[in-house]
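Visitor: Input: one structure, supplied below.
Every number here is computed from the coordinates shown, using simple stated rules; none is lab data. Everything numeric in this text was worked out from a predicted model, so none of it was measured. Don't worry about glycine lacking a Cβ; one is built from the backbone with ideal geometry, like all the others, and counts go over all protein chains shown.
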Amino acid sequence: MFSAIILTEHVLFRKASFTEHQYPIATWNSYVLLPNGIPAVVAFVCACGALIPFMSQAWYVGPVAKHGSGDVGVYVGFVVGAIVYAFARGLEKMWYKREDKRAEGSECHTTEGI
């Protein structure tokens with residue numbers, strides 16, 4: 001599940017590139033410049049929730065696994081984690097882009113009168 005989130009971030013949002021433009025080293029020391037991590041937490045929780053019905057372990061067998069699918073919970077968790085993270089991270093980027101535009105617009109109005 002964690003690897004699904006990391007791979008989705010790298011492939012979809014960082015364009016599968018390890019360049020300085022995609023992973024700027026200067027931002028890692030600044031809390032303000034980093035993503036807040038809420039999409040990753042949401043995706044991880046959703047993946048854990050989706051995993052449970054599909055797991056087949058000695059101490060618990062989920063309802064889907066009882067019908068003969070076997071222990072496919074990890075695969076389901078991987079797919080759900082990747083999909084939820086892609087959706088939530090896209091919303092996060094869209095939301096912060098709007099906030100940045102609003103902040104730029106309000107700064108222009110406040111500096112015009114000076």
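Visitor: Pick out, from 91, 43, 69, the residue whose Cα sits farthest towards the positive end of the charge dipole of the chain, with +1 on the Cβ of Lys and Arg and -1 on the Cβ of Asp and Glu.
Guide: 69
Visitor: A further question on this structure: Just to be sure I follow the rule: in the chain, considering lysines 8 or more places apart or on different chains, how many pairs have Cα atoms under 25 Å apart?
Guide: On the way: 15/93; 15/97; 15/101; 93/101.
For the chain, the number of qualifying lysine pairs is 4.
Visitor: On full extension of the chain, what length is gained from residue 28 through residue 74, given 0.36 nm per residue of separation minus the C-alpha to C-alpha distance? All intermediate terms of the calculation are to be shown ahead of the outcome.
Guide: Values: separation 46, 0.36 × 46 = 16.56 nm, distance 3.08 nm.
Computed gain between residue 28 and residue 74 is 13.5 nm.
Visitor: Same structure, new question: Given points 7 Å out from each Cα along the Cα-Cβ axis, report the residue 98 to residue 16 separation in nanometres with one decimal.
Guide: That separation, rounded to one decimal, is 3.1 nm.
Visitor: Let me ask something else about it. Using all Cα-Cα distances in the chain, what percent lands in each 5 angstrom bin from 0 up to the longest?
Guide: 2, 11, 14, 15, 15, 11, 9, 7, 6, 4, 2, 1, 1, 1, 0
Visitor: Also, quick follow-up: Points 7 angstrom from Cα along the Cβ direction at residue 56 and residue 38: gap in nanometres?
Guide: Placing both labels 7 Å along Cα→Cβ, they lie 3.9 nm apart.
Visitor: While we're looking at this one, here's another question. Just how large is the dipole of the chain about the Cα centre, in debye to the nearest 20, putting +1 at every Lys and Arg Cβ and -1 at every Asp and Glu Cβ?
Guide: Numbers: 9 positive and 9 negative charges, 67 e Å.
Value, rounded to 20: 320 debye.
Visitor: Tally Lys and Arg at +1 and Asp and Glu at -1 over the other residues with C-beta under 12 Å from the C-beta of residue 86: what net charge comes out? It would help to have the intermediate numbers written out before the result.
Guide: On the way: positive: 89, 93; negative: 9, 92.
After counting each charged neighbour, the total is 0.
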